Amino acid sequence: MAYTRMSDANEITARYMDSIYFEQRLIDSVVADTSAEFWGEKFDSPVLTPAFSHIGRLNGRELSGLEEYSIAAKNCNILNFCGMMENDMFKKIADTGARTVRIVKPYADNGKVRDQFAYAESVGAFGIGMDIDHIFGENGLDVVVGEEMAVQTTDMLRSYVESTKLPFVVKGVLSVADALKCAEIGAKGIIVSHHHGRLPYAVPPMMILPEIKEALKDKDVKIFVDCGIESGSDVYKALALGADGAAVGRSMMPSLEKEGIPGVEKFLNNVTSELRFVMSCTGFKNVCKIDDSALY
Ligand SMILES: Cc1cc2nc3c(=O)[nH]c(=O)nc-3n(C[C@H](O)[C@H](O)[C@H](O)COP(=O)(O)O)c2cc1C
């Protein structure tokens, strides 16, 4: 049979995650508690929504898909994320009452970056951040929906951190080098991610997670992970390998499209229920206690 090259980071990531297995530790185990804490606030689960954008009204419903999943996040009491959008859309998301981290693009128009951060803070964002993995495109700097992106230096990122009282999250960290820079500038969180496979042959986020965790062990930085996460087992693997929380992504889309708010709630609750089951079956009572000792 001919050997087929595989450069797609989504596929590489899925294969890596599927190569990780659990042992069982049932005796003396109890029903696990999935609650999590981020920056001093409590949530019912370490499952996070993805930083999505460009999802309009689905199936003729009244609210945009972005508002719908934000409401579901609020109802499930989990941390919510959103991505590229103008301020009027972010206001609608803030108005859902979900505790939301707004991820702003690395726009070439730096005034727009700063305006979006300041606006997010003024209307009650829970956190702000930037997806640095959209800086480059195949023709040099990226252009996203007609908007030009720009290089982001350590000093620029530091200035964003210093401009806000909110936790600042850098999304698209996929090396110890970048993780250490994020810690150095005072970011309060990172999302270990290849942004659903932008970089060919990108290392699976969960493969590099233990190294990043070790590098940040004395730093006050929450480590989140995304890409390919679709079940409680996936979230468990992320936590066992060093994450504090894990975001579902495109796996949420079918539920969102079909059933909107109740569909996403059901999906998120199922992910958390499976996480609880795997934690219970592997002998971990609390999310913050999970380590890699039950992984094969
Ligand atoms: C429709 C859609 C829109 C997205 N928009 C953004 C965005 O604006 N900002 C961002 O940081 N990530 C964005 N992402 C990437 C997700 O936040 C996440 O990193 C990615 O989907 C994770 O991979 P997965 O889908 O395999 O789980 C988007 C993804 C999708 C599918």
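Among the listed pairs Lys112/Lys213; Lys42/Lys217; Lys165/Lys266; Lys91/Lys171; Lys42/Lys213; Lys112/Lys258, which have their C-alpha atoms separated by more than 27 angstrom in this model?
Beyond 27 Å: Lys112/Lys213; Lys165/Lys266; Lys112/Lys258.
For the stretch 193-296, what number results from the quotient of the Cα radius of gyration and 2.2 N^0.38 Å?
1.12
On a C-alpha basis, how far is the centre of the stretch 177-240 from the centre of the stretch 68-132 in Å? Whole number, if you could?
20
Taking GluC sites (Glu not before Pro) as exposed when DSSP calls them loop (any state but H, G, I, E, B) and at most 13 other Cβ atoms lie within 10 Å, what is the longest stretch of the chain free of them, the sites themselves excluded?
Maximal segment without exposed cleavage sites: 139-296.
Over the Cα atoms of the chain, compute the convex hull volume and normalise it per residue, giving Å³.
With only Cα atoms used, the chain gives 145 Å³ per residue.
Any chance you could run the full-extension gain for Arg250 through Asp115? It's 0.36 nm times the residue separation minus the Cα-Cα distance, nm to one decimal.
In short, 45.7 nm is gained.
So what is the calculated 222 nm ellipticity per residue for the chain, using -39500 (n - 2.57) for each DSSP H run with n of 4 or more, over all residues, to the nearest 500 deg cm²/dmol?
-11500 deg cm²/dmol, from helical runs alone.
Could you give me the percent of Cα pairs per 5 Å distance bin for the stretch 134-202, shortest bin first, beginning at zero and ending with the bin that holds the maximum distance?
3, 15, 23, 24, 20, 12, 3, 0
Could I have the simple spin-label model distance between Val123 and Ser29, label points 7 Å from Cα toward Cβ, reported in nm to one decimal?
4.4
Provide, in order from the shortest bin, the percent of all Cα-Cα pairs of the stretch 55-98 in each 5 Å bin, continuing until the bin that contains the maximum pair distance.
All Cα pairs, binned at 5 Å, distribute as 6, 25, 33, 24, 11, 1 percent.
Charges at C-beta only: +1 for Lys and Arg, -1 for Asp and Glu. How large is the resulting dipole of the stretch 158-249 about its Cα centre, in Debye rounded to 20?
The calculation lands at about 200 debye.
Between Asn87 and Trp39, what length in nm is gained on full extension when 0.36 nm per residue of separation is reduced by their alpha carbon distance?
Roughly 14.8 nm would be gained on extension.
At 7 Å along Cα-to-Cβ for each site, give me the label-to-label distance between Ser19 and Glu138 in nm.
Each label point is offset 7 Å from its Cα along the Cβ direction, giving 2.7 nm.
Laboratory data are not the source of any read-out in this text; all were calculated from the coordinates shown. Quantities reported herein were computed from a predicted structural model and do not represent experimental measurements. A quick note on method: Cβ atoms are made from the backbone with ideal geometry, for glycine too, and the neighbour counts reach across all protein chains shown.
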